[in-house]
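Worksheet: the structure to be examined is printed underneath.
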Amino acid sequence: MGCDVSGPMEEQEQKLRERMAAVKRVIVIMSGKGGVGKTSVSVNLAYALAASGKKVGLLDTDMHGPNVAKMLGIEKEVMQQFGAEVLPVTTGHGLKVVSLALLGHGPDTPFIWRGPMKTAAIRQFLSDVEWGGLDYLVVDSPPGTGDEPLSVCQFLPGISRAVIVTTPQDVAVLDARKSVMFAQQLGIPVIGIIENMSGMLCPHCQKEIPLFGKGGGERAARELGVGFLGSIPLDPDLVVAGDSGVPFLSREAAGAAGTAFQKIIERIEKAGA
Ligand SMILES: Nc1ncnc2c1ncn2[C@@H]1O[C@H](COP(=O)(O)OP(=O)(O)OP(=O)(O)O)[C@@H](O)[C@H]1O
Ligand SMILES: [Mg+2]
(Lines give C-alpha, C1' and ligand atoms only; values in the text may rest on other atoms or scores of the structure.)
(Ligands and ions follow the chains in the order given, each with its own letter.)
Protein backbone atom coordinates (compact mmCIF):
# COMPACT_ATOMS: atom_id res chain seq x y z
CA MET A 1 0.00 0.00 0.00
CA GLY A 2 1.55 3.29 -1.04
CA CYS A 3 0.98 6.45 0.90
CA ASP A 4 -0.48 8.59 -1.83
CA VAL A 5 -1.97 11.56 -0.05
CA SER A 6 -2.81 13.48 -3.22
CA GLY A 7 -6.17 11.81 -4.06
CA PRO A 8 -9.37 13.80 -3.82
CA MET A 9 -9.96 13.99 -0.11
CA GLU A 10 -13.73 14.30 -0.25
CA GLU A 11 -14.06 11.16 -2.33
CA GLN A 12 -11.90 9.30 0.15
CA GLU A 13 -13.88 10.55 3.13
CA GLN A 14 -17.07 9.41 1.43
CA LYS A 15 -15.44 5.97 0.98
CA LEU A 16 -14.39 6.07 4.63
CA ARG A 17 -17.96 6.76 5.74
CA GLU A 18 -19.30 3.92 3.60
CA ARG A 19 -16.64 1.51 4.84
CA MET A 20 -17.06 2.43 8.49
CA ALA A 21 -20.86 2.11 8.28
CA ALA A 22 -20.19 -1.66 8.59
CA VAL A 23 -18.33 -1.18 11.88
CA LYS A 24 -20.44 -1.24 15.03
CA ARG A 25 -17.99 0.00 17.63
CA VAL A 26 -14.51 1.56 17.65
CA ILE A 27 -12.45 1.29 20.84
CA VAL A 28 -9.53 3.71 20.90
CA ILE A 29 -6.81 2.70 23.36
CA MET A 30 -4.94 5.78 24.53
CA SER A 31 -2.52 6.99 27.17
CA GLY A 32 -0.74 10.19 27.90
CA LYS A 33 2.53 8.52 28.78
CA GLY A 34 4.52 6.04 26.71
CA GLY A 35 5.24 2.45 27.64
CA VAL A 36 2.30 1.97 30.00
CA GLY A 37 0.79 -0.98 28.12
CA LYS A 38 -1.49 0.37 25.37
CA THR A 39 -0.32 -2.09 22.75
CA SER A 40 -0.48 -5.00 25.20
CA VAL A 41 -4.06 -4.01 26.06
CA SER A 42 -5.00 -3.48 22.39
CA VAL A 43 -3.62 -6.82 21.25
CA ASN A 44 -5.12 -8.84 24.11
CA LEU A 45 -8.48 -7.07 23.99
CA ALA A 46 -8.72 -7.64 20.23
CA TYR A 47 -7.56 -11.25 20.57
CA ALA A 48 -10.05 -12.02 23.39
CA LEU A 49 -12.98 -10.45 21.53
CA ALA A 50 -12.10 -12.39 18.35
CA ALA A 51 -11.65 -15.61 20.33
CA SER A 52 -15.14 -15.15 21.76
CA GLY A 53 -16.58 -15.17 18.25
CA LYS A 54 -16.80 -11.43 17.55
CA LYS A 55 -15.70 -9.94 14.24
CA VAL A 56 -12.74 -7.80 15.18
CA GLY A 57 -10.29 -5.49 13.44
CA LEU A 58 -7.13 -4.11 15.01
CA LEU A 59 -5.70 -0.87 13.63
CA ASP A 60 -2.21 0.16 14.67
CA THR A 61 -1.98 3.95 14.41
CA ASP A 62 1.47 4.11 16.01
CA MET A 63 3.51 5.23 13.00
CA HIS A 64 6.83 5.54 14.80
CA GLY A 65 6.72 2.41 16.95
CA PRO A 66 4.21 0.00 15.37
CA ASN A 67 4.37 -3.02 17.70
CA VAL A 68 1.03 -4.73 17.11
CA ALA A 69 2.29 -7.05 14.36
CA LYS A 70 5.28 -8.16 16.44
CA MET A 71 3.09 -8.84 19.48
CA LEU A 72 0.83 -11.02 17.31
CA GLY A 73 3.70 -12.85 15.61
CA ILE A 74 2.69 -11.64 12.12
CA GLU A 75 5.49 -9.14 11.52
CA LYS A 76 6.70 -11.00 8.43
CA GLU A 77 3.30 -10.79 6.75
CA VAL A 78 2.44 -8.13 4.18
CA MET A 79 -0.98 -6.63 3.49
CA GLN A 80 -2.03 -7.43 -0.08
CA GLN A 81 -3.43 -4.84 -2.45
CA PHE A 82 -5.99 -5.54 -5.18
CA GLY A 83 -6.64 -2.45 -7.27
CA ALA A 84 -7.72 0.23 -4.84
CA GLU A 85 -8.48 -2.28 -2.07
CA VAL A 86 -6.09 -3.37 0.64
CA LEU A 87 -6.61 -6.58 2.57
CA PRO A 88 -5.75 -6.66 6.26
CA VAL A 89 -3.56 -9.48 7.51
CA THR A 90 -5.85 -12.01 9.20
CA THR A 91 -4.44 -13.95 12.16
CA GLY A 92 -5.25 -17.57 12.99
CA HIS A 93 -7.86 -16.23 15.44
CA GLY A 94 -9.65 -14.39 12.64
CA LEU A 95 -8.40 -10.99 13.79
CA LYS A 96 -7.96 -8.48 10.93
CA VAL A 97 -4.83 -6.42 11.47
CA VAL A 98 -3.64 -3.24 9.76
CA SER A 99 -0.34 -1.55 10.54
CA LEU A 100 2.46 0.32 8.84
CA ALA A 101 4.61 -2.61 9.95
CA LEU A 102 2.63 -4.80 7.51
CA LEU A 103 3.53 -2.79 4.40
CA GLY A 104 6.64 -4.86 3.73
CA HIS A 105 9.23 -2.16 4.36
CA GLY A 106 11.19 -4.26 6.86
CA PRO A 107 11.36 -3.91 10.63
CA ASP A 108 14.05 -1.21 10.77
CA THR A 109 12.59 1.36 8.36
CA PRO A 110 11.40 4.46 10.21
CA PHE A 111 8.50 6.50 8.87
CA ILE A 112 9.67 10.09 9.10
CA TRP A 113 6.34 11.84 8.79
CA ARG A 114 4.80 15.07 9.93
CA GLY A 115 1.21 15.27 11.15
CA PRO A 116 -0.59 15.61 7.79
CA MET A 117 1.07 12.45 6.47
CA LYS A 118 -0.10 10.52 9.53
CA THR A 119 -3.65 11.80 9.16
CA ALA A 120 -3.61 10.86 5.47
CA ALA A 121 -2.34 7.36 6.28
CA ILE A 122 -5.09 6.86 8.88
CA ARG A 123 -7.71 8.09 6.42
CA GLN A 124 -6.41 5.52 3.91
CA PHE A 125 -6.35 2.76 6.50
CA LEU A 126 -10.00 3.42 7.24
CA SER A 127 -11.20 3.98 3.68
CA ASP A 128 -9.08 1.70 1.47
CA VAL A 129 -8.84 -1.38 3.67
CA GLU A 130 -11.43 -4.09 3.10
CA TRP A 131 -12.37 -4.44 6.75
CA GLY A 132 -15.76 -6.04 6.07
CA GLY A 133 -18.40 -5.98 8.79
CA LEU A 134 -16.90 -5.63 12.26
CA ASP A 135 -18.36 -5.83 15.76
CA TYR A 136 -15.27 -4.05 17.06
CA LEU A 137 -12.43 -2.07 15.59
CA VAL A 138 -9.75 -1.78 18.27
CA VAL A 139 -7.32 1.10 17.68
CA ASP A 140 -3.87 1.17 19.24
CA SER A 141 -2.45 4.71 19.60
CA PRO A 142 0.96 6.17 20.24
CA PRO A 143 1.28 8.01 23.57
CA GLY A 144 -0.21 11.46 23.93
CA THR A 145 -2.98 13.49 22.42
CA GLY A 146 -1.48 14.04 18.98
CA ASP A 147 -2.53 13.61 15.37
CA GLU A 148 -3.22 9.89 15.52
CA PRO A 149 -5.96 9.66 18.18
CA LEU A 150 -7.22 13.06 17.03
CA SER A 151 -7.65 11.79 13.45
CA VAL A 152 -9.40 8.59 14.52
CA CYS A 153 -11.78 10.43 16.87
CA GLN A 154 -12.56 13.05 14.23
CA PHE A 155 -13.05 10.53 11.42
CA LEU A 156 -15.25 8.22 13.51
CA PRO A 157 -17.09 10.40 16.02
CA GLY A 158 -20.37 8.57 16.65
CA ILE A 159 -19.09 5.03 17.11
CA SER A 160 -15.82 5.67 18.95
CA ARG A 161 -15.23 5.07 22.65
CA ALA A 162 -11.96 5.68 24.50
CA VAL A 163 -10.13 3.44 26.96
CA ILE A 164 -7.27 5.12 28.82
CA VAL A 165 -4.31 3.10 30.08
CA THR A 166 -2.06 4.33 32.86
CA THR A 167 0.37 2.98 35.41
CA PRO A 168 -0.30 3.93 39.05
CA GLN A 169 2.54 6.45 39.31
CA ASP A 170 1.79 10.17 39.46
CA VAL A 171 3.50 11.15 36.21
CA ALA A 172 1.52 8.58 34.24
CA VAL A 173 -1.76 9.47 35.94
CA LEU A 174 -1.16 13.17 35.27
CA ASP A 175 -0.88 12.40 31.56
CA ALA A 176 -3.82 9.99 31.63
CA ARG A 177 -6.02 12.79 32.95
CA LYS A 178 -5.14 14.79 29.83
CA SER A 179 -6.22 11.86 27.66
CA VAL A 180 -9.58 11.75 29.43
CA MET A 181 -10.07 15.49 28.88
CA PHE A 182 -8.94 15.13 25.26
CA ALA A 183 -11.58 12.48 24.53
CA GLN A 184 -14.25 14.42 26.38
CA GLN A 185 -13.46 17.63 24.49
CA LEU A 186 -13.82 15.72 21.22
CA GLY A 187 -17.15 14.31 22.37
CA ILE A 188 -15.85 10.72 22.55
CA PRO A 189 -17.31 8.84 25.55
CA VAL A 190 -14.65 7.40 27.84
CA ILE A 191 -15.37 3.77 28.75
CA GLY A 192 -12.85 4.00 31.54
CA ILE A 193 -9.30 3.88 32.85
CA ILE A 194 -7.16 0.76 33.18
CA GLU A 195 -4.38 0.78 35.75
CA ASN A 196 -1.60 -1.42 34.37
CA MET A 197 1.61 -2.62 36.06
CA SER A 198 -0.16 -2.21 39.35
CA GLY A 199 2.02 -4.08 41.84
CA MET A 200 3.75 -7.41 41.43
CA LEU A 201 3.93 -10.55 43.55
CA CYS A 202 7.35 -11.14 45.08
CA PRO A 203 8.38 -14.63 43.89
CA HIS A 204 10.05 -15.30 47.29
CA CYS A 205 7.61 -14.03 49.94
CA GLN A 206 4.48 -13.76 47.72
CA LYS A 207 3.86 -10.25 49.07
CA GLU A 208 2.73 -7.58 46.66
CA ILE A 209 5.40 -5.05 45.71
CA PRO A 210 3.86 -1.79 44.48
CA LEU A 211 6.68 -0.97 42.07
CA PHE A 212 4.91 2.02 40.51
CA GLY A 213 2.62 2.74 43.48
CA LYS A 214 -1.00 1.71 43.63
CA GLY A 215 -4.46 3.18 43.17
CA GLY A 216 -3.54 6.21 41.03
CA GLY A 217 -5.70 5.07 38.12
CA GLU A 218 -8.73 4.45 40.29
CA ARG A 219 -8.35 7.80 42.05
CA ALA A 220 -8.11 9.65 38.74
CA ALA A 221 -11.18 7.84 37.41
CA ARG A 222 -13.15 8.84 40.49
CA GLU A 223 -12.03 12.46 40.32
CA LEU A 224 -12.74 12.73 36.60
CA GLY A 225 -16.09 10.96 36.86
CA VAL A 226 -15.22 8.16 34.42
CA GLY A 227 -15.32 4.40 34.93
CA PHE A 228 -12.48 2.45 36.50
CA LEU A 229 -12.03 -0.76 34.54
CA GLY A 230 -9.56 -2.48 36.88
CA SER A 231 -5.88 -3.09 37.61
CA ILE A 232 -3.52 -5.46 35.84
CA PRO A 233 -0.53 -6.54 37.95
CA LEU A 234 3.02 -6.63 36.66
CA ASP A 235 3.69 -10.07 35.24
CA PRO A 236 6.93 -10.99 33.45
CA ASP A 237 4.94 -13.45 31.31
CA LEU A 238 3.28 -10.48 29.64
CA VAL A 239 6.69 -9.39 28.35
CA VAL A 240 7.52 -12.91 27.18
CA ALA A 241 4.14 -13.21 25.45
CA GLY A 242 4.52 -9.85 23.68
CA ASP A 243 8.05 -10.56 22.54
CA SER A 244 7.22 -14.04 21.30
CA GLY A 245 4.15 -12.93 19.33
CA VAL A 246 1.65 -14.99 21.30
CA PRO A 247 -1.24 -13.06 22.88
CA PHE A 248 -0.88 -13.33 26.65
CA LEU A 249 -4.55 -14.26 27.02
CA SER A 250 -4.21 -17.16 24.59
CA ARG A 251 -1.92 -18.95 27.07
CA GLU A 252 -3.53 -21.57 29.21
CA ALA A 253 -2.23 -20.30 32.54
CA ALA A 254 -2.35 -16.54 32.46
CA GLY A 255 -2.54 -16.24 36.30
CA ALA A 256 -3.66 -13.19 38.26
CA ALA A 257 -2.84 -10.79 35.43
CA GLY A 258 -4.88 -12.92 33.02
CA THR A 259 -7.88 -12.99 35.37
CA ALA A 260 -7.69 -9.24 35.86
CA PHE A 261 -7.38 -8.71 32.12
CA GLN A 262 -10.42 -10.88 31.38
CA LYS A 263 -12.55 -8.99 33.91
CA ILE A 264 -11.52 -5.71 32.32
CA ILE A 265 -12.46 -6.99 28.88
CA GLU A 266 -15.88 -8.05 30.16
CA ARG A 267 -16.38 -4.56 31.60
CA ILE A 268 -15.33 -2.94 28.32
CA GLU A 269 -17.78 -5.12 26.40
CA LYS A 270 -20.56 -4.31 28.82
CA ALA A 271 -19.89 -0.59 28.93
CA GLY A 272 -18.94 -0.11 25.30
CA ALA A 273 -21.52 -2.25 23.54
N1 LIG B 1 1.21 -5.85 33.25
C2 LIG B 1 2.41 -5.95 32.70
N3 LIG B 1 3.39 -6.66 33.32
C4 LIG B 1 4.63 -6.76 32.79
N5 LIG B 1 4.99 -6.19 31.64
C6 LIG B 1 4.07 -5.48 30.98
C7 LIG B 1 2.74 -5.31 31.46
N8 LIG B 1 2.06 -4.56 30.56
C9 LIG B 1 2.92 -4.28 29.58
N10 LIG B 1 4.13 -4.81 29.81
C11 LIG B 1 5.36 -4.71 29.00
O12 LIG B 1 5.76 -3.34 29.04
C13 LIG B 1 6.30 -2.96 27.79
C14 LIG B 1 5.48 -1.78 27.25
O15 LIG B 1 4.18 -2.24 26.95
P16 LIG B 1 3.41 -1.76 25.65
O17 LIG B 1 4.31 -1.82 24.46
O18 LIG B 1 2.14 -2.49 25.61
O19 LIG B 1 3.18 -0.23 26.06
P20 LIG B 1 2.72 0.98 25.14
O21 LIG B 1 1.95 1.90 26.03
O22 LIG B 1 2.04 0.48 23.94
O23 LIG B 1 4.11 1.63 24.74
P24 LIG B 1 4.32 2.80 23.65
O25 LIG B 1 3.88 4.07 24.31
O26 LIG B 1 5.78 2.77 23.37
O27 LIG B 1 3.48 2.46 22.45
C28 LIG B 1 6.23 -4.19 26.89
O29 LIG B 1 7.47 -4.81 26.94
C30 LIG B 1 5.16 -5.05 27.55
O31 LIG B 1 5.38 -6.43 27.31
MG1 LIG C 1 2.45 0.85 21.89
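The values are calculated or read from the model by the stated rules, or taken from the named source; none is laboratory data. Since this is a predicted model, take the numbers as computed values, not measurements. Glycine gets a Cβ as well: all are built from the backbone with ideal geometry, and neighbour counts include every protein chain shown. Only protein heavy atoms, including side chains, enter the accessible area calculation; ligands, DNA and RNA are left aside. Shrake-Rupley method; radii C 1.70, N 1.55, O 1.52, S 1.80 Å.
Data for the structure
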item: Counted residues, region 174-208 - those being over 11 Å from V28 (Cα atoms), more than 14 Å from ligand 1 (Cβ to nearest atom) and touching a helix residue (DSSP H, G or I) at 6+ places or on another chain (Cβ under 6 Å); result: 3
item: Exclusive hit being among the charged types (D, E, K, R), buried (at least 19 other Cβ atoms within 10 Å of the Cβ) and within 28 Å of P210 (Cβ to Cβ), set D170, D175, D128, D147; result: D175
item: Residues located in region 95-105, provided they are open to solvent by 40 Å² or more (accessible area, probe 1.4 Å) and either among the polar types (S, T, N, Q) or touching a residue at least 40 places away in the same chain (Cβ under 8 Å) (or both); result: K96
item: Qualifying residue in region 45-54 (condition: at pLDDT below 95 and touching an Asp or Glu at 6+ places or on another chain (Cβ under 7 Å)); result: no
item: Residues located in region 110-148, provided they are outside any strand (DSSP E or B) and either touching a strand residue (DSSP E or B) at 6+ places or on another chain (Cβ under 6 Å) or of a type in the set (V, I, T) (or both); result: I112, T119, I122, F125, D128, E130, W131, S141, T145
item: Test: V56 is of a type outside the set (D, E), more than 15 Å from ligand 2 (Cβ to nearest atom), under 19 Å from I194 (Cβ atoms) and in contact (Cβ under 8 Å) with a residue 60 or more places away in the chain; result: yes
item: Qualifying positions in region 153-173 - within 15 Å of ligand 1 (Cβ to nearest atom), in contact (Cβ under 8 Å) with a residue 60 or more places away in the chain and in a helix (DSSP H, G or I); result: V171, A172
item: Residue match in region 230-242 (condition: farther than 20 Å from G35 by Cβ and either open to solvent by 20 Å² or more (accessible area, probe 1.4 Å) or free of Cβ contacts under 8 Å to residues at least 40 places away in the same chain (or both)); result: no
item: Those residues of region 31-53 which are within 15 Å of ligand 2 (Cβ to nearest atom) and of a type in the set (A, V, I, L, M, F, W, C), in sequence order; result: V36, V41, V43, L45, A46
item: Filter result (open to solvent by 60 Å² or more (accessible area, probe 1.4 Å), part of a helix (DSSP H, G or I) and not charged (D, E, K, R)) within region 180-224; result: M181, Q184, Q185
